[in-house]
Amino acid sequence: METALVSLLLITMLYGIVETSFAYRDALVVSSASRAGARTAAGLPRDASFATSAAAQVTSALGSMDLSRVNTVWVFKANPATGLPDSGSFTTCTTCVKFVPYGSSLVVSGTPGWTAASQNACAGTVDTLGVYVQYRYPSRLGMFFKNTVMTESTVMRLEPYDRVGACKP
């Protein structure tokens with residue numbers, strides 16, 4: 001009788017350890033994807049493909065994870081003090097580009113609110129860019145972390161852009 005109770009407790013603990021390991025691994029991958037997207041976009045100031053390149057890099061960094069579990073990816077002009085969009089939230093963001101999963105890639109959802117031409121990557125106050133990734137974690141064993149949403153945001157300054165005459169007025 002005691003063996004059955006102790007065995008049940010040990011198996012439950014083992015399942016918890018395994019599930020926590022999977023969740024931790026996925027959280028690291030989501031964090032890495034956010035950083036990779038931000039690095040890519042920050043390195044492409046005033047380039048029309050900055051947001052789509054960032055989304056492609058997020059997709060690549062997620063690797064073998066199920067892309068359909070990505071809720072959204074936002075590429076946004078960030079407030080350097082808070083790390084949030086300039087407007088303070090994603091629901092009212094006017095300087096954001098939202099991506100949603102479609103098949104094996106991320107596609108723009110709605111009208112992009114931050115164009116490359118409006119970026120300030122010149123001398124003075126350089127814009128700050130953020131990439132936000134939201135992912136629904138799939139509980140592998142079905143016992144723990146059901147319906148957990150993992151989020152990660154990375155904020156970086158745009159790389160300086162020194163092409164003569166190309167800076168924002």
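What follows is calculated from the coordinates using simple rules that are stated; it is not laboratory data. Every value quoted in this text rests on a predicted model; they were computed, and no experiment measured them. With ideal geometry, Cβ positions are generated from the backbone for all residues, glycine too; neighbour counts draw on all protein chains shown.
Estimated translational diffusion coefficient (Stokes-Einstein, Kirkwood radius over Cα pairs, 4 °C, 1.567 mPa s) of the chain: 75 µm² per second.
Roughly how tilted is helix 50-62, in degrees to the nearest 10 and between 0 and 90, from the longest Cα axis of the chain? It works out to around 20 degrees. Taking max minus min of the alpha-carbon positions on each principal axis, region 84-132 gives extents of 41, 21, 17 Å, largest first. With contacts taken as Cα pairs under 8 Å and at least 6 residues apart, the chain reaches a relative contact order of 27 percent.
If packing is taken as the average number of other Cβ atoms within 10 Å across a peptide's residues, how do 151-158, 11-18 rank, most packed first?
In descending order of packing, they fall as 151-158, 11-18.
Using only Cα atoms, tell me the angle between helix 2-42 and the longest principal axis of the chain; keep it within 0 to 90° and round to the nearest 10. Between the helix axis and the principal axis of the chain, the angle is about 10 degrees.
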